[in-house]
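What follows is a single structure, written as structure tokens, with notes after it.
The values are calculated or read from the model by the stated rules, or taken from the named source; none is laboratory data. Every value quoted in this text rests on a predicted model; they were computed, and no experiment measured them. Using ideal geometry, Cβ is built from the backbone for each residue, glycine included, and neighbour counts are taken over all protein chains shown. Surface accessibility is based on the protein's heavy atoms, side chains included, excluding ligands, DNA and RNA. Shrake-Rupley method; radii C 1.70, N 1.55, O 1.52, S 1.80 Å.
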Amino acid sequence: MALPPIIQGGMGVGVSNWRLARAVALCGQLGVVSGTALDSVLVRRLQDGDLGGHIRRAMERFPLRQAAEDALKRYFRPEGRTADEPYAALPMYRQGASAERERLTMLASFVEVFLAKEGHDRPVGINLLTKIQLPTLASLYGAMLAGVDVVLMGAGIPKEVPAALDALALHQPAAMRLEVEGLSPETPERMRLTPADHFPVPPAPLTRPVFLPIIASNSLASMLSRKASGRVDGFIIEGPTAGGHNAPPRGEPRFNELGEPVYGERDVVDLAKMRELGLPFWLAGGAGRPGRLKEALDAGAAGIQVGTLFAFCDESGLTPELKASVLTHVARGEVAVFTDPVASPTGFPFKVVQWDEDPARRVERARVCDLGYLRTAYQRADGRLDYRCASEPVATYLKKGGEEAETEGRKCLCNGLMASIGLGQVRKDETVEPPLVTSGDDLVLLGELLQGRSSYTAAEAIAWLKSEVGAPAT
Ligand SMILES: Cc1cc2nc3c(=O)[nH]c(=O)nc-3n(C[C@H](O)[C@H](O)[C@H](O)COP(=O)(O)O)c2cc1C
């Protein structure tokens, strides 16, 4: 399948939702939904009354009818919630999740992809973080049941994903290794998904999606192209100015005066070597401005992947209030993007937008871990598996054998990102989780596109990317 030159990058949680991906696809480019935490997104949208009925429309098309009906019965609130009412939460994902939990995860990614693909025949992708392991197989299978065309995965080494895609396309059992701290490599723990547990009679084979790992080094690209468990179809090469998580710099860690990691020559991907691999590649990180598409094509790339520009357009999942507040400050030159080396419990640098009106500035957040997507598995002294996150309450983390130094400066990405799309949890004291906004360094350039306006659409963003001179698209 020939993919378009512009890929709208996957942006979690729910920033690149089905509306954004669909809008981009309708412009002839590749729209990508974020697959991160979609099960929680689904049940919260249902509890908010599913305005417009889109979620229910998609749920009706899910092949496992009972699972869709159960979810509806359990979570749909026709009147929505009152502002001070907490969302009913899902149990956090564990190894060996129940068939019911797997089906809910499948349903959630089915819904998102179904809606992004509805009413047109352009390709649509789904993005997953490799670091989040436990829901991955169910998320992939649900997306494939909705006909997802492309799977993009970064933040880790998605070596085993190609074989899982091959197996799931034929409704065969799929397995991947679960990273467990403290476990001996001789007895690896595997995560499994068995489609026959859900479909006693296998449906027709599914399309095996194109697989594009997101990489930040030649060595990872070359390893994946040779040693992945199956076909890799191309790469997204992401540089350290990109929004969201960044790959850590290579070599001894160094920091600038603000405390941000410093990247050097060794972090630059050699495009000549990439061309030798013979697979198409797209350039990401700072490519979201006029002229960059042409530069990328001239350098032998198949195109660009852009996040920040799309994160702040009308169709993205960020709340309209946050978008308006950030863009007003961008226009005045009053935002900064900080590459925080410790905010993310993954240990990867994570970019955080800083501006005066950031609601998080006014809240002292108490540590709570109740979404748990970024928890890591570890083996307890009694041999059983448990899970911990460096952003959870410190005492709990220490009790689970974590080290205190690991907890310093950590933010709760799960709850913060959920809040930034208007699905923040209400706490017992009736405070709402403060949002966490991430963006690439290029956020500060969006004033050039705005030219005095207060907002823009995905179509305008794409027209701007295609223009070479930097004139605003009108
Ligand atoms: C708000 C936001 C959230 C993001 N979330 C993810 C994510 O969940 N997974 C991922 O692989 N990349 C994520 N990214 C990176 C984008 O997919 C894309 O590669 C990157 O933004 C490109 O660089 P740019 O921001 O300079 O355009 C995110 C970027 C932004 C701006």
Exercise for review: Normalising by the residue count of the range 1-82, find the relative contact order in percent from Cα pairs under 8 Å and 6+ residues apart.
Suggested key: 26
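Restricting things to Cα coordinates, could you compute the convex hull volume per residue of the chain in Å³? Show your work: numbers first, answer last.
Numbers: hull volume 71.5 nm³, N = 474.
Output value, Cα hull per residue: 151 Å³.
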Review point. Do the alpha carbons of any pairs in Lys323/Lys428; Lys400/Lys428; Lys351/Lys411 sit beyond 20 Å of each other, and which pairs?
Key: Lys323/Lys428; Lys400/Lys428
**Study point:** Estimated inter-spin distance, Glu69 and Asp382, nm [label 7 Å along Cα→Cβ]
**Key:** 4.0
Exercise for review: Calculate one ³J(HN,Hα) per residue across the range 442-452 by plugging θ = phi - 60° into the Karplus curve 6.51 cos²θ - 1.76 cosθ + 1.60, and present them in order as whole Hz with x for glycine and proline.
Suggested key: 6, 3, 4, 8, 5, x, 5, 7, 5, 6, x
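Report the full-extension gain for the segment Glu252 to Val368: residue separation times 0.36 nm, less the Cα-Cα distance, to one decimal in nm.
Using 0.36 nm per residue and subtracting the Cα-Cα distance, I get 38.5 nm.
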Point to revise | Cut-off 14 Å between beta-carbons: net charge of the residues surrounding Asp270, Lys and Arg +1, Asp and Glu -1 | key: +1
Check your understanding: In straight Cα distance, which aspartates and glutamates are under 19 Å from Lys227, not counting same-chain residues fewer than 8 positions off?
Key -> Glu160, Asp166, Glu179, Glu276
Point to revise | Carbon plus sulfur fraction of accessible area for the chain, probe 1.4 Å, in percent | key: 51
Review point. How large is ³J(HN,Hα) for each residue in the range 158-170, as worked out from phi by the Karplus curve 6.51 cos²θ - 1.76 cosθ + 1.60 (θ = phi - 60°), to whole Hz, x for Gly and Pro?
Key: x, 5, 8, 5, x, 5, 5, 5, 4, 5, 5, 4, 9
Point to revise | Computed label-point distance, nm, for sites Arg177 and Arg77 using a 7 Å Cα→Cβ extension | key: 4.4
Exercise for review: Can you work out the accessible area per residue across the chain, with the rest of the protein chains kept in place, probe 1.4 Å, in square angstrom?
Suggested key: 43
**Study point:** Sequence-separation-based contact order of the chain, relative, with Cα cut under 8 Å and 6+ spacing, percent
**Key:** 16
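Using the beta-carbon distance between Asp121 and Phe338 and R0 = 56 Å, what value does 1/(1 + (r/R0)^6) give for FRET efficiency, to the nearest 0.05? Walk me through the intermediate numbers first.
Values: r = 41 Å, r/R0 = 0.74.
The computed FRET efficiency comes out at 0.85.
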Study note, to complete from the structure: Computed ³J(HN,Hα) along the range 286-294: with the Karplus parameters 6.51/-1.76/1.60, θ = phi - 60°, integer Hz and x for glycine or proline, the list is x, 9, x, 8, x, x, 5, 5, 5
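Mind giving me the FRET efficiency for Glu468 and Leu271? R0 is 25 Å, r the Cβ-Cβ distance, nearest 0.05 is fine. Could the numbers behind the result be given before it?
Details: r = 20 Å, r/R0 = 0.81.
For R0 = 25 Å, the calculated efficiency reads 0.80.
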Exercise for review: Please list, or write none, the lysines whose alpha carbon is within less than 24 Å of the alpha carbon of Lys294, excluding same-chain residues fewer than 8 places away.
Suggested key: Lys273, Lys466
Point to revise | Where labels lie 7 Å past Cα in the beta-carbon direction, separation of Glu295 and Thr194 in nm | key: 5.3
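Report, to two decimal places, the Cα Rg of the range 366-469 normalised by 2.2 N^0.38 Å (N = number of residues).
On the way: Rg = 20.0 Å, N = 104, 2.2 N^0.38 = 12.8 Å.
Rounded to two decimals, the normalised Rg is 1.56.
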Review point. If you take the square roots of the eigenvalues of the alpha-carbon gyration tensor of the range 301-449 and sort them as a ≥ b ≥ c, do you get rounded (a/c under 1.5), prolate (a/b over b/c) or oblate?
Key: prolate
Review point. Gain in length, Ser222 to Ala324, computed as 0.36 nm per residue apart minus the alpha-carbon separation, to one decimal in nm?
Key: 32.5 nm
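Could you put Asp356, Asp370 in order of accessible surface area, largest first, with the 1.4 Å probe and the full protein assembly present? Before the final figure, lay out each step's value.
On the way: Asp356 110, Asp370 40 Å².
Solvent-accessible surface, decreasing: Asp356, Asp370.
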